[in-house]
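Just below is one structure, and these are the notes that go with it.
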Amino acid sequence: MINFNDEILNSIKETAKNYEAYVVGGYLRNYFINNEISCDRDIVIKEKAENFAHEIADMLEATFIELDNENKIFRVVLKDKKNYFDVAEAVENDILKDASRRDFTINSIFYDINKEEIFDPLDGISDIKNKILKTSNLNNFLDDPLRFLRLYRFYSKTGFKTEEKLLEFTKENFPKILSVAPERINYEIMQIFEGKYTSQTLEKMYDDGVLEIIFPFIKEIKKIPPNSHHHLDLVHHSIETVRNIRINKPLLKLSAFYHDIGKPATWTIEPNGRHRFIGHDIKGGELVKYELEKLKFSNKQISYVSKMVRFHIYPASLINLEEDKTKKAYARFVRKLGSDTPDIIELSRADRLSARGEAVSEDMVKMALSHLDNLLNYYMEVKDAVEEPKTFLDGREIMEIMNIKPSKTVGLILEKLKEAQILKEINSKEEAIDFIKRNCKTDT
């Protein structure tokens, strides 16, 4: 007998008495791996899954959604919009066949809701204990090629090794993933970059010869070898940069992976043998947009990653400034990057730690890291003015004061005002008016 300490799951037990109902999949996998109770609960019903889904939706005052009527899959979203049940009918109304058709044995563990007992026909619990990814039937992966990518997702999440026959089958058949809708691939990518073992997974995918199938830009960057400033080739430098990101923020780690995408298009070698990539940050900021659009990332996600790639070397450009120029340069930096400032600094730090060629001394690295610490400390000091600035003057008032018409000039003046606020040069409306009269020229 087993009883999960889960009020939401327990709330449907009375309804389940009229059905042969099982919890299955990720809920149980996560519970046995790290004792975690998930918000998504997959329920398999031997028969009449739609009836069951309607009943628990009515009972919980939740929302019923039909996901796949042909395969009898339904979703019940609770009022908190966080917790939900996915209710499906067992394959051919047979629990054993349902288990045998699943991707991994670790996802083929069942919990009988009525008997409060575990049903584990494929020894998934044993595979969890042995930290191995196995399948009961290799052909299950051909039924849905996305499962080949899910293998690497679970590696990223758990660090589990893969049984040899499944790994070889995956490498051989991985190109079939291209037949899968990019929206589904997108989800698995984000899961990989959310995992604890993201960098190890990217390395494994590269070694297995599948990384460039999902990320075509790898075909180009793998041409760039180590050089005097980089001890690693560009693929492994990019992966190492991901490894050095200290924040488990998937989009930031994805940005680290893509940060040098612009280098192949800007690569030159000088007569003295030095490799140069002038403008690779600007070029990369544009190229990454096309890559992520093809993978169906949202406009907001694309904008963030493009910004990270575009400005990843900006912090390094502020090193060795004269003291009287540093404060203004810092202010312009945080004004431009806004609330993304800490992420850019973290990416710059990871990039610095991942480039340790023979021309890079330990003192250079220490100086760069110290500079980044100072820059982050400055941001924390002025954070309120950056993220929640007081509006002393709006565009209409500026046009009246400066006697100008709507134009780009108004926007430029607003930016100057924001920078002056960050520098604490203005603290009131009166000071803002005086500032623009003294410092802002107009053509009209």
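Among the residues that make up the stretch 222-233, is at least one of them in a helix (DSSP H, G or I), crowded, with 17+ Cβ neighbours inside 10 Å and at pLDDT 95 or above?
Taking the stretch 222-233 as the starting set, the residues that turn out to be in a helix (DSSP H, G or I) are none.
Within the stretch 222-233, none of the residues are in a helix (DSSP H, G or I), crowded, with 17+ Cβ neighbours inside 10 Å and at pLDDT 95 or above.
Say whether the condition of being crowded, with 21+ Cβ neighbours inside 10 Å and touching a helix residue (DSSP H, G or I) at 6+ places or on another chain (Cβ under 9 Å) is met by at least one residue in the stretch 179-187. Give the derivation first.
Looking only at the stretch 179-187, we keep the residues that are crowded, with 21+ Cβ neighbours inside 10 Å, and these are none.
No, every residue in the stretch 179-187 fails to be crowded, with 21+ Cβ neighbours inside 10 Å and touching a helix residue (DSSP H, G or I) at 6+ places or on another chain (Cβ under 9 Å).
Of the helices (runs of 4 or more DSSP H) entirely within the stretch 246-324, those holding at least 1 residues that are surrounded by fewer than 15 Cβ atoms within 10 Å (Cβ to Cβ) and either on the phi > 0 side of the Ramachandran plot or assigned by TED's automatic domain parsing to the domain that holds Pro225 (or both) occupy 263-266, 280-294, 299-310. If you go through the stretch 217-261 and keep only what is in contact with a strand residue (DSSP E or B) (Cβ under 9 Å, 6 or more places away or on another chain) and small (Gly, Ala, Ser), you end up with just Ser228. The single residue among Lys81, Lys97 that is in the same structural domain as Ala53 (by TED's automatic domain parsing), at positive phi and surrounded by fewer than 21 Cβ atoms within 10 Å (Cβ to Cβ) turns out to be Lys81.
Every residue, every condition in (1) of a type outside the set (Asp, Glu); (2) not assigned by TED's automatic domain parsing to the domain that holds Leu232, yes or no:
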| position | (1), (2) |
| --- | --- |
| Asp343 | no, no |
| Ala355 | yes, no |
| Asn377 | yes, no |
| Leu412 | yes, yes |
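For the subset of the stretch 247-268 comprising residues that are out of contact with any Leu (no Cβ under 9 Å at 6 or more places or on another chain) and among the basic types (Lys, Arg), which member is nearest to Val309 (Cα to Cα)? Working first, answer last.
Step one: list which residues in the stretch 247-268 are out of contact with any Leu (no Cβ under 9 Å at 6 or more places or on another chain), which gives 247-251, 253, 266-268.
Still in the running and among the basic types (Lys, Arg): 249, 253.
On the way: Lys249: 15, Lys253: 11 Å.
Step by step, filter the stretch 247-268, then rank; the result is Lys253.
Yes/no matrix, rows are residues, columns are (1) over 25 Å from Ser100 (Cα atoms); (2) within 20 Å of the chain's Cα centre (by Cα); (3) not aliphatic (A, V, I, L, M):
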residue: Arg147; (1), (2), (3): no, yes, yes
residue: Lys157; (1), (2), (3): no, yes, yes
residue: Phe160; (1), (2), (3): no, no, yes
residue: Lys165; (1), (2), (3): no, no, yes
residue: Asn186; (1), (2), (3): yes, yes, yes
residue: Gln200; (1), (2), (3): yes, yes, yes
residue: Tyr206; (1), (2), (3): yes, yes, yes
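The values are calculated or read from the model by the stated rules, or taken from the named source; none is laboratory data. Predicted, not measured: the structure shown is a model, and the values here were computed from it. Note that each Cβ is placed from the backbone with ideal geometry, even for glycine, and that neighbours are counted across all protein chains shown.
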